Amino acid sequence: MLSYEKGCWEQDYRRIAGVDEVGRGCLFGDVVAAAVILPEGLIIEGVDDSKKLTAKKRELLFEQIMEQALAVSVGHVDSVVIDEINIKQASRLAMKKAVEGLEYRPDYMLIDAEKIDLPLPQQAIIKGDANSQSIAAASIVAKVTRDRLCEGRWEELYPDYGIKIHKGYATKLHREQLLALGPTPMHRRSFLGKILSDEPVLF
């Protein structure tokens, strides 16, 4: 999980930011990105692609990352902007915001399969969250941050939609509640066309 980082260290890059996002495929809520700079040589046991970890394990690793990282930052882009600029551009914007919010300016970025519009050396890595500890740490921070919003503030705002259960993804429950209640202001209208026009018999 440190092979990409080691390559950077060998080129005298010291502050390496791993960057990843979550919520790209959701119908509801923000896309959330995180940027994490870990100390050179640090190994955090168990860090992996956030999708492969249980919620409990993610929470434990989140606390470790927050304690041991040199810098952590989170960037959000809401559903209105997602609808305006499309989800790919919104994901990139959230990543850019996360990097810009770091306490220390990174001298290199390792990014999960994306390019960030910043004048910094960077590398896009396919399945980066499974191959780079820095990116995996960012994926965990982004996932835990977004899940906490789904289970807390967003669930309180819209208690009838099951946000804390499906986290905004297009589950059967979510589609049924959308058809019954209509979209909230936090739903991504550009994602809903097919669902809201489908006949209920398809579910």
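Glu103 label point, 7 Å along Cα→Cβ, cut-off 18 Å on backbone N: hits in the range 30-62? Residues 34-42, 62 qualify, since their backbone N sits under 18 Å from the label point. Helices assigned as whole DSSP H runs in the chain whose Cα atoms extend at least 15 Å along their own long axis and whose mean Kyte-Doolittle hydropathy is 0.0 or higher are found at 133-151. Taking 29 Å as the cut-off for C-alpha to C-alpha distance, list the pairs among Lys56/Lys115; Lys57/Lys96; Lys88/Lys167 that go past it. Checking Cα-Cα distances, Lys56/Lys115 exceed 29 Å.
Cut-off 10 angstrom, C-alpha nodes, Gaussian network model of the chain. Which of Ala98, Ala124, Ala136 fluctuates the most? Fluctuation is largest for Ala124. Only alpha carbons enter this Debye calculation for the chain, each as an equal point scatterer, and the log10 of I(q)/I(0) it gives at q = 0.17 Å⁻¹ is -1.06. Ordered by solvent-accessible area of protein heavy atoms (1.4 Å probe), largest first, the residues Asp20, Asp112, Asp117 come out as Asp117, Asp112, Asp20. For Cα pairs less than 8 Å apart in space and 6+ apart in sequence, what is the mean separation divided by the residue count of the chain, i.e. the relative contact order in percent? 29 percent. Taking all protein chains into account, the per residue accessible area for the chain stands at 48 Å² (1.4 Å probe). Dividing the summed helix terms, -39500 (n - 2.57) for each DSSP H run of n ≥ 4, by the number of residues in the chain produces a 222 nm estimate of -13500 deg cm²/dmol to the nearest 500. Diffusion of the range 154-195 by Stokes-Einstein, at 25 °C in a medium of 0.890 mPa s and with Rh set to the Kirkwood radius over alpha-carbon pairs, works out to 237 µm²/s. Choose one answer from Gln11, Gln68, Gln123: the residue with the largest mean-square fluctuation in a GNM of the chain with alpha-carbon springs under 10 Å. Per the Cα network of the chain with a 10 Å cutoff, Gln11 tops the list.
Looking at the range 3-146, the DSSP beta bridges with both ends there are about 60 percent antiparallel.
If you take the square roots of the eigenvalues of the alpha-carbon gyration tensor of the range 50-157 and sort them as a ≥ b ≥ c, do you get rounded (a/c under 1.5), prolate (a/b over b/c) or oblate? Note, shape of the range 50-157 comes out oblate.
The values are calculated or read from the model by the stated rules, or taken from the named source; none is laboratory data. Computed from a predicted model, the values in this text were never measured in an experiment. Positions of Cβ are generated from backbone atoms using ideal geometry, with glycine treated the same way; all protein chains shown enter the neighbour counts. With ligands, DNA and RNA removed, areas are computed over all heavy atoms of the protein, side chains included. Shrake-Rupley method; radii C 1.70, N 1.55, O 1.52, S 1.80 Å.
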